[in-house]
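Report on one structure; see the data block that follows.
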Amino acid sequence: MAVLNHFLKPTILVTGATGAIGRAVCRDLVTHGYLVIGLVKDEEAKTRLPYAVIPALGDLRDPASWEHSIEQADILIHLGLHLEERPGPKEREDAERDAKQMAEVLDRIATLCRRHKKLMIHTFGALLYEPDPDGWVRETSELSRGRGFGIRHRAVYPVFERHRKRGLRAMSVNPTFVYGRGGWFESGVLRPMSRGESYFIGEGTQTMHYIEASDAASGYRLAIEKGIPGEDYLLADDRPTTLGEFTALVAKEMGAPPPVSIPEEELIPKLGAWTVEAYTFCPKVDSTKARQQLGWAPRYRTIQEGVPVVVRAFRHATQAVPV
């Protein structure tokens, strides 16, 4: 039997609860009166859970080890990324191996959710879809042909669909690039800028689309409250931008030097061609469906509204801590 809190709202199990998106989702759910269980891999990870989130220990790659947590919950939000970081460049064949592993883990998790009749909300991303000739994606767009992070989604989404056809009650919530405390934005942008390292890949003219973490989090909650099983929802702020514009804005707010361009051909030997492609390719995202069906709307409608808020929070939290 699922555990209910005193507000009689569903109990939510969140994988990836200590990640950048996971922490924001957990905070949003707790604030709105949900009982939240966060899956963590060890005792140390427990300390990184947001306030009032109940820890559950388990190996994400082995859902049978935390099946009891699935039984306790009403809804599973799957945000966890179980890939091991390997040193050196990452090429397409490496990304394909990762995609296969992700598909296998999703298959195990979805099997247990279906067995216990739990609603599942899975995360792909805006690169689930292939952009149209104008560079836009919508939920009606064709499945990605495999550019950048799309290589993962192309392998994993058919597994998700197969389980839905077999009776799994499930939705997917798919944000574009999420910026906030933690994750790629803090480790790869904010902290280097705090050391005076400010750069972007290539000419900076690549089209990108972003969403602030708390805005992404509210999308997951609204999917629980108003979403329709079997549907997919894209999330993005109101205006696409470019990699250069985004990086320059962050640098300005951080008081860092104006970013310099690093040619892609210099980074490919260090990072790998696939990695460079993955972090410089993003479609423009039409989130009309989420706005109409879920009543979702971003609080921070553009990066000009959201980035200063996140930067201030980062600087306040780290002003007395060496970075």
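The rows are residues; the columns are (1) open to solvent by less than 30 Å² (accessible area, probe 1.4 Å); (2) part of a strand (DSSP E or B); (3) polar (S, T, N, Q).
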residue: T111; (1), (2), (3): no, no, yes
residue: R147; (1), (2), (3): no, no, no
residue: W184; (1), (2), (3): no, no, no
residue: P192; (1), (2), (3): yes, no, no
residue: G204; (1), (2), (3): yes, no, no
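Under the condition of being modelled with pLDDT of 95 or more and polar (S, T, N, Q), which residue from region 1-30 is surrounded by the fewest Cβ atoms within 10 Å (Cβ to Cβ)? Only one residue tops the list, namely T11.
If we keep just the residues of region 212-244 that are polar (S, T, N, Q) and in a helix (DSSP H, G or I), which is most open to solvent (accessible area, probe 1.4 Å)?
Top of the filtered list is S214.
Please determine, by comparing only the residues of region 282-303 that are surrounded by fewer than 14 Cβ atoms within 10 Å (Cβ to Cβ) and out of contact with any helix residue (DSSP H, G or I) (no Cβ under 7 Å at 6 or more places or on another chain), which one is nearest to G150 (Cα to Cα). The residue in question is T288. Farther than 17 Å from D215 by Cβ, in a helix (DSSP H, G or I) and touching a residue at least 40 places away in the same chain (Cβ under 8 Å): is that true of T247 in this structure? So T247 fits the description; yes. Can you tell me which residues in region 156-176 are open to solvent by 30 Å² or more (accessible area, probe 1.4 Å) and not in a helix (DSSP H, G or I)? Passing the criteria: R166, G167, R169.
The values are calculated or read from the model by the stated rules, or taken from the named source; none is laboratory data. Remember, predicted model here, so these are calculated numbers, not experimental data. No Cβ is skipped: glycine too gets one built from the backbone with ideal geometry, and neighbour counts run over all protein chains shown. The area values use the complete protein model at the heavy-atom level, side chains included, leaving out ligands, DNA and RNA. Shrake-Rupley method; radii C 1.70, N 1.55, O 1.52, S 1.80 Å.
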